[in-house]
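The values are calculated or read from the model by the stated rules, or taken from the named source; none is laboratory data. Small disclaimer: the values here were computed from a predicted structure and weren't measured. Cβ sites come from the backbone with ideal geometry, for glycine too, and all protein chains shown count toward neighbours.
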Amino acid sequence: TQLLEQSPQFLSIQEGENLTVYCNSSSVFSSLQWYRQEPGEGPVLLVTVVTGGEVKKLKRLTFQFGDARKDSSLHITAAQPGDTGLYLCAGRSRGSQGNLIFGKGTKLSVKP
Amino acid sequence: DTGVSQDPRHKITKRGQNVTFRCDPISEHNRLYWYRQTLGQGPEFLTYFQNEAQLEKSRLLSDRFSAERPKGSFSTLEIQRTEQGDSAMYLCASSPTVATGELFFGEGSRLTVL
């Protein structure tokens with residue numbers, strides 16, 4: 001069974017701080033996605049990474065896919081209260097067109 | 001609004017009753033997924049359709065659960081003889097047929113079994 005482990009599980013920081021959350025697996029993924037979910041809503045896609053070593057930036061968010069395509073990180077610079085939410089990573093193994101496996105998520109709280 | 005819509009948003013039922021959830025995907029998407037999410041957990045895959053064909057089912061999908069997508073458009077997820085352990089958020093998502101398969105989620109249907 002493929003598993004995606006996310007750390008930390010919870011993170012509470014002050015506005016303006018930087019943070020990094022991690023997504024790790026022993027399996028290789030053909031692509032990996034990051035979603036953000038707010039309470040009572042469905043997850044919303046932030047980014048997809050496909051190539052090992054790939055780095056993508058989305059304003060203050062930087063996403064990196066590991067060289068071996070087994071892990072990923074999300075770095076947020078100068079966090080804002082609007083960044084508060086559940087950050088989920090999700091991966092699909094090579095050759096799979098169906099099942100997208102999700103991690104348990106990192107619950108981020110940014111206090112003003 | 002052309003996003004994924006789910007109905008009902010909330011359902012409270014007594015143990016043993018049957019419930020049905022409906023999902024209307026984004027019209028041009030031919031893939032449709034059902035996930036279940038409990039508090040503090042990430043979404044767990046239940047099943048997936050390509051057009052009207054159900055191509056993959058999770059072991060989580062017991063005999064009490066059935067999903068259909070009869071015309072390759074909307075989908076229904078039925079839970080028979082509900083149990084308290086079925087209480088969760090049921091999420092529907094759709095995606096186009098591309099290799100990276102980004103999922104577009106609905107707002108979910110929250111089920112509470114008393």
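Sort out which residues of the range B:31-65 are of a type in the set (S, T, N, Q), surrounded by fewer than 19 Cβ atoms within 10 Å (Cβ to Cβ) and out of contact with any Gly (no Cβ under 6 Å at 6 or more places or on another chain), and write them in order of number. The answer is B:38, B:41, B:50, B:54, B:58, B:62. Within the range B:77-106, the residues that satisfy the criterion of being more than 15 Å from residue B:49 (Cα to Cα) and either within 12 Å of chain A (Cβ to nearest Cβ) or surrounded by fewer than 13 Cβ atoms within 10 Å (Cβ to Cβ) (or both) are B:81, B:83, B:84, B:85, B:89, B:90, B:99, B:100, B:106. Residue A:21 satisfies every condition listed in (1) farther than 26 Å from residue B:56 by Cα; (2) at pLDDT below 95; (3) not polar (S, T, N, Q) except (2). Selection over the range A:48-99 of residues that are under 18 Å from residue A:37 (Cα atoms) and within 12 Å of chain B (Cβ to nearest Cβ) gives a count of 7.
Which pairs have Cβ atoms under 7 Å, sit 6 or more apart or on different chains, and link a residue in the range B:23-36 that is more than 11 Å from chain A (Cβ to nearest Cβ) and farther than 17 Å from residue B:108 by Cα to one that is buried (at least 17 other Cβ atoms within 10 Å of the Cβ) and of a type in the set (S, T, N, Q)? Between residues of the range B:23-36 that are more than 11 Å from chain A (Cβ to nearest Cβ) and farther than 17 Å from residue B:108 by Cα and residues that are buried (at least 17 other Cβ atoms within 10 Å of the Cβ) and of a type in the set (S, T, N, Q), the close pairs are B:29/B:94; B:29/B:95.
Highlighted here are the strands (runs of 3 or more DSSP E) found entirely within the range B:20-114 that include at least 3 residues which are closer than 25 Å to residue A:36 by Cα and in contact with a strand residue (DSSP E or B) (Cβ under 6 Å, 6 or more places away or on another chain): B:31-37, B:44-50, B:88-95, B:109-113.
In the range B:53-74, is there at least one residue being within 14 Å of chain A (Cβ to nearest Cβ), closer than 18 Å to residue B:113 by Cβ and without any contact (Cβ under 8 Å) to a residue 60 or more places away in the chain? Within the range B:53-74 (the criterion being within 14 Å of chain A (Cβ to nearest Cβ), closer than 18 Å to residue B:113 by Cβ and without any contact (Cβ under 8 Å) to a residue 60 or more places away in the chain), the answer is yes, since at least one residue qualifies.
Considering only residues that are within 11 Å of chain B (Cβ to nearest Cβ), part of a strand (DSSP E or B) and either buried (at least 17 other Cβ atoms within 10 Å of the Cβ) or not hydrophobic (A, V, I, L, M, F, W, C) (or both), which ones fall in the range A:1-28? If the condition is that a residue be within 11 Å of chain B (Cβ to nearest Cβ), part of a strand (DSSP E or B) and either buried (at least 17 other Cβ atoms within 10 Å of the Cβ) or not hydrophobic (A, V, I, L, M, F, W, C) (or both), then A:5, A:6, A:23 are the ones that fit. With respect to the conditions (1) among the hydroxyl-bearing types (Ser, Thr, Tyr); (2) crowded, with 16+ Cβ neighbours inside 10 Å; (3) away from every other protein chain (no Cβ under 14 Å), residue A:106 falls short on a single one, namely (3).
Among the residues making up the range A:78-101, those that are part of a loop (DSSP other than H, G, I, E, B) and at pLDDT 95 or above are A:78, A:79, A:80, A:84. Any idea which residue in the range B:1-19 is farthest from the other protein chains (Cβ to nearest Cβ), counting only those that are hydrophobic (A, V, I, L, M, F, W, C) and assigned to a strand (DSSP E or B)? Residue satisfying both the conditions and the ranking: B:19.
Is there a residue being under 25 Å from residue B:94 (Cα atoms), without any contact (Cβ under 8 Å) to a residue 24 or more places away in the chain, buried (at least 21 other Cβ atoms within 10 Å of the Cβ) and not β-branched (Val, Ile, Thr) anywhere in the range A:50-73? Checking the range A:50-73: not a single residue is under 25 Å from residue B:94 (Cα atoms), without any contact (Cβ under 8 Å) to a residue 24 or more places away in the chain, buried (at least 21 other Cβ atoms within 10 Å of the Cβ) and not β-branched (Val, Ile, Thr).
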